[in-house]
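Structure in structure tokens, see below.
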Amino acid sequence: MEKGVLYLIPTVIAPQTESKALPPDLIKLCSQLDYYLVENIRTARRCLSAMNIDKAIQEITFHELSKNTECVDIPKLMAPILEGKSIGIMSEAGCPGIADPGARAVAYAHENDIRVEPWVGPSSIFLALMGSGFSGQSFAFSGYLPIEKKAKTQAIRTLEQAVFKTGQTQIFMETPYRNNQLIADITKTCAPQLKLCIAKNINGEDEMIMTDTVQNWKKNKPELHKVPCIFLFGRD
């Protein structure tokens, strides 16, 4: 039996931006699929509804594939694709497989000779890099920094040193309710001349992508509590 296709379907990263951020052909594809593995079922339903797909939401089957999903559950979740049914993977925001548990479904697909087809859509990581003015030739994404104070300070210093030694752009993030503390830690730890870009609420109405020195950020710390952000260290 011919196997289905695993489609990697981006979702919006700011509310009500479906028409701006998602291509029409993606909407056509989503109108054809009736089985999804998603990071957050409520978010996926809301996104597909806002896309105005040509299919009733109640006709679609959703299963959660999140950080809490056990590895042993992946084969069961992916079973329909071995029977010829194509599956859509959706992250809670942005591109599936990038800082997202959907990568485990993709790994399973490669192990079982299943075709994987990624689709174009917004990624806060790459949009922030594009808008930062930092090097896009060499960059690294480190995800979330450690929570523990000493380990986080060391991680910040390691990222800073990488910028000064190699010029490689360093991209990272924080849980939104800890953003203000992260800014305080950066301005206390890093050299005044280090360049920091803060990308806030990308694609949203109050989007901000701003690059400045740590010294200047220290003088004008933004209010970022509970605001989705991407942070980047870099140099001209």
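Which condition number in (1) at pLDDT below 95; (2) over 23 Å from residue 92 (Cβ atoms) is the one that residue 184 fails?
Answer for residue 184: the failing condition is (1).
For segment 52-68, give me each residue that is touching a strand residue (DSSP E or B) at 6+ places or on another chain (Cβ under 9 Å) and in a loop (DSSP other than H, G, I, E, B).
Step one: list which residues in segment 52-68 are touching a strand residue (DSSP E or B) at 6+ places or on another chain (Cβ under 9 Å), which gives 60-66.
Selection gives 60, 65, 66.
Is it the case that segment 21-38 has a residue that's more than 17 Å from residue 122 (Cα to Cα), in a loop (DSSP other than H, G, I, E, B) and free of Cβ contacts under 8 Å to residues at least 60 places away in the same chain?
Checked against the condition, which is being more than 17 Å from residue 122 (Cα to Cα), in a loop (DSSP other than H, G, I, E, B) and free of Cβ contacts under 8 Å to residues at least 60 places away in the same chain, segment 21-38 yields at least one hit.
Another question, then. Across segment 5-17, what is the total count of residues that are in a loop (DSSP other than H, G, I, E, B), of a type outside the set (Val, Ile, Thr) and either more than 21 Å from residue 97 (Cα to Cα) or open to solvent by 10 Å² or more (accessible area, probe 1.4 Å) (or both)? Before the answer, list the steps.
Taking segment 5-17 as the starting set, the residues that turn out to be in a loop (DSSP other than H, G, I, E, B) are 5, 10, 12-17.
Subsequent filtering for residues that are of a type outside the set (Val, Ile, Thr) retains 10, 14-16.
From what's left, either more than 21 Å from residue 97 (Cα to Cα) or open to solvent by 10 Å² or more (accessible area, probe 1.4 Å) (or both): 15-16.
Qualifying residue count, segment 5-17: 2.
Go through segment 111-124 residue by residue and tally those that are of a type in the set (A, V, I, L, M) and either open to solvent by less than 50 Å² (accessible area, probe 1.4 Å) or more than 14 Å from the chain's Cα centre (by Cα) (or both).
Here is the first cut: in segment 111-124, the residues of a type in the set (A, V, I, L, M) are 114, 116, 120.
Narrowing the set further to residues that are either open to solvent by less than 50 Å² (accessible area, probe 1.4 Å) or more than 14 Å from the chain's Cα centre (by Cα) (or both) leaves 114, 116.
Summing the residues that are of a type in the set (A, V, I, L, M) and either open to solvent by less than 50 Å² (accessible area, probe 1.4 Å) or more than 14 Å from the chain's Cα centre (by Cα) (or both) in segment 111-124 gives 2.
Among the numbered criteria (1) surrounded by fewer than 19 Cβ atoms within 10 Å (Cβ to Cβ); (2) in a helix (DSSP H, G or I), which single criterion is violated by residue 48?
The one condition residue 48 does not meet is (1).
Right, next: Please verify whether segment 102-110 includes one or more residues that are assigned to a loop (DSSP other than H, G, I, E, B) and either among the polar types (S, T, N, Q) or open to solvent by 40 Å² or more (accessible area, probe 1.4 Å) (or both).
In the first step, residues of segment 102-110 are kept if they are assigned to a loop (DSSP other than H, G, I, E, B); the result is 102.
Of the ones still in play, those that are also either among the polar types (S, T, N, Q) or open to solvent by 40 Å² or more (accessible area, probe 1.4 Å) (or both) are none.
Looking through segment 102-110, none of the residues is assigned to a loop (DSSP other than H, G, I, E, B) and either among the polar types (S, T, N, Q) or open to solvent by 40 Å² or more (accessible area, probe 1.4 Å) (or both).
Regarding residue 33, is this residue in contact with a Ser or Thr (Cβ under 9 Å, 6 or more places away or on another chain), surrounded by 14 or more Cβ atoms within 10 Å (Cβ to Cβ), modelled with pLDDT of 95 or more and not hydroxyl-bearing (Ser, Thr, Tyr)?
Details: in contact with a Ser or Thr (Cβ under 9 Å, 6 or more places away or on another chain): yes; surrounded by 14 or more Cβ atoms within 10 Å (Cβ to Cβ): yes; modelled with pLDDT of 95 or more: yes; not hydroxyl-bearing (Ser, Thr, Tyr): yes.
Taking the combined requirement at face value, the residue satisfies it.
Yes or no: residue 2 in contact with an Asp or Glu (Cβ under 8 Å, 6 or more places away or on another chain) and either over 18 Å from residue 102 (Cβ atoms) or not hydroxyl-bearing (Ser, Thr, Tyr) (or both)?
Working: in contact with an Asp or Glu (Cβ under 8 Å, 6 or more places away or on another chain): no; either over 18 Å from residue 102 (Cβ atoms) or not hydroxyl-bearing (Ser, Thr, Tyr) (or both): yes.
Considered against the rule, which asks whether it is in contact with an Asp or Glu (Cβ under 8 Å, 6 or more places away or on another chain) and either over 18 Å from residue 102 (Cβ atoms) or not hydroxyl-bearing (Ser, Thr, Tyr) (or both), residue 2 comes out as no.
When you check residue 57 against the structure, is it open to solvent by less than 20 Å² (accessible area, probe 1.4 Å) and not acidic (Asp, Glu), yes or no?
On the way: open to solvent by less than 20 Å² (accessible area, probe 1.4 Å): no; not acidic (Asp, Glu): yes.
For residue 57, the condition - open to solvent by less than 20 Å² (accessible area, probe 1.4 Å) and not acidic (Asp, Glu) - is not met.
The values are calculated or read from the model by the stated rules, or taken from the named source; none is laboratory data. Quantities reported herein were computed from a predicted structural model and do not represent experimental measurements. All Cβ positions, glycine included, derive from the backbone under ideal geometry; neighbour counts span all protein chains shown. Heads up: the accessible areas ignore ligands, DNA and RNA and are worked out on the full protein's heavy atoms, side chains in. Shrake-Rupley method; radii C 1.70, N 1.55, O 1.52, S 1.80 Å.
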